[in-house]
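The values are calculated or read from the model by the stated rules, or taken from the named source; none is laboratory data. What you are looking at is a predicted structure, and each value in this text was computed from that prediction instead of being measured. What goes into the accessible areas is simple: the full protein's heavy atoms, side chains included, and nothing from ligands, DNA or RNA. Shrake-Rupley method; radii C 1.70, N 1.55, O 1.52, S 1.80 Å.
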Amino acid sequence: MNGLTYLKNVTTLQLDSEKCNGCAMCTIVCPHAVFTMREKKAFIQHKDLCMECGACAMNCQTGAITVKSGVGCAAGVITGLLRGTEPTCDCGSGGCC
């Protein structure tokens, strides 16, 4: 995996492969090559490279991709600073998001 990994397992990026029509626009517009194509459908290959810019979701014709732009990394860093811990997005226990 090439590129910057932001924070592990915090991105809000989601893909509904049932809605994907295989246009591959996400692979074109993603600045960090998060997506690849598998069997004529988009596939999230490198989720931790996602910087949550929202380009993929904005260009997805079928609404198969959702992402809360800018939430994961910023929230994780701020939460870590406030708690005096490593950056984390502890959404499972009602934390940051």
Heavy-atom accessible area ranking, 1.4 Å probe, most first, across V29, V10:
V29, V10
Report the gain in length on full extension from T36 to S17: 0.36 nm times residue separation, minus Cα-Cα distance, nm rounded to one decimal.
5.6 nm
